[in-house]
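Remarks on the structure that follows.
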Amino acid sequence: CDGPEEKKMKYFNKGKALYEKGDYFKAALEFENAVQIDPKFPDGYYMLGKVSLAQRDFPKAFGHFNKAAELNPKHWKAQVELGKLYLLARAPENAMETAEIILKGDPQNVEAMLIKGAVYVGKRENDQAEQYLNGLIQKGINHFDIYRLLAAVCMAKQDRPGVENTLLRGIQANPKSPELYVSLSELYAMGK
């Protein structure tokens, strides 16, 4: 007979496989079984949050990610998802606080850096955003979202050539990023 730990992991692994296939309803059942066996299982709550996100149930996702982070404050993936949800909910102070918590424990966490940059952009702190995001690029961090955020800063400054230049630099650094090509084509469509 399997012990509780083995049962929990069976449910969890089966849930992950179902999640990868896009069968979110069944995946949620498996993750719920896992956390029922071990109510202090942060990865189970994290995956329940991922399922809720996939189902676009943001309040439920927030609750699950929050529980995972409460059980393990160093669960950086759960913390990142909380930061993203704070951005979505237009709670920049909470998003920034979460990003700072992550970066204090994991200074190289690119997603937390992106959250921080997005907060600056969202608060229209354009000079701060530009300085911070360009600083990330100078450190060799070339994630495509950095360029999209910089393009948003240029757009806020009504600097259309700057938007184009930023997106082209981003494509040069990330030639396989469909997001940057889409952003550039949208810019060209706006300019006709």
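The values are calculated or read from the model by the stated rules, or taken from the named source; none is laboratory data. Nothing here was measured: the structure is a model prediction, and the numbers come from that model. Note that each Cβ is placed from the backbone with ideal geometry, even for glycine, and that neighbours are counted across all protein chains shown. The area values use the complete protein model at the heavy-atom level, side chains included, leaving out ligands, DNA and RNA. Shrake-Rupley method; radii C 1.70, N 1.55, O 1.52, S 1.80 Å.
As a test question: what accessible area, to the nearest 10 Å², does Lys26 have when a 1.4 Å probe is rolled over all protein chains in place?
Roughly 110 Å² of Lys26 is accessible to a 1.4 Å probe.
Determine the dipole magnitude for the chain: charges of +1 sit on the beta-carbon of Lys and Arg, -1 on that of Asp and Glu, nothing else is charged, the reference point is the Cα centre, and the result goes in debye to the nearest 20. Can you show the working numbers first?
Details: 27 positive and 25 negative charges, 55 e Å.
The calculated dipole for the chain is roughly 260 debye.
What is the percent carbon and sulfur in the accessible area of the chain, measuring with a 1.4 Å probe over the protein chains and ignoring ligands? Write out the running numbers ahead of the final one.
Numbers: 5730 of 11100 Å².
The C+S portion of the solvent-accessible surface of the chain is 52 percent.
Classify region 1-75: rounded, prolate or oblate, from the alpha-carbon gyration tensor (a ≥ b ≥ c, eigenvalue square roots; a/c under 1.5 rounded; otherwise prolate if a/b is larger than b/c)? Walk me through the numbers on the way to the answer.
Values: a/c = 2.31, a/b = 1.17, b/c = 1.97.
It comes out oblate by the Cα gyration axes.
Can you work out the accessible area per residue across region 103-192, with the rest of the protein chains kept in place, probe 1.4 Å, in square angstrom? Let's see the in-between values first.
Values: 5210 Å² over 90 residues.
In whole numbers, region 103-192 has 58 Å² accessible per residue.
Got a sec? What order do Ser177, Ser185 fall in by accessible area at 1.4 Å, biggest, i.e. largest, first?
Per-residue accessible area, sorted high to low, gives Ser185, Ser177.
Measuring from centroid to centroid over Cα atoms, what is the spacing of region 57-71 and region 90-161 in Å?
24
What do you get for chymotrypsin sites (Phe, Trp or Tyr not before Pro) in region 1-62 restricted to DSSP loop and a cutoff of at most 12 other Cβ within 10 Å of the site's Cβ?
On the way: sites: Tyr11, Phe12, Tyr19, Tyr24, Phe25, Phe31, Tyr45, Tyr46, Phe62; in loops: none.
Sites meeting the loop and neighbour criteria: none at all.
Can you list the lysines whose alpha carbon sits under 23 Å from that of Lys176, skipping same-chain ones fewer than 8 residues off?
Lys139
Taking N as the number of residues in the chain, what is its alpha-carbon radius of gyration divided by 2.2 N^0.38 Å? Intermediate values should be presented prior to the final figure.
Working: Rg = 19.4 Å, N = 192, 2.2 N^0.38 = 16.2 Å.
That works out to 1.20 for the chain.
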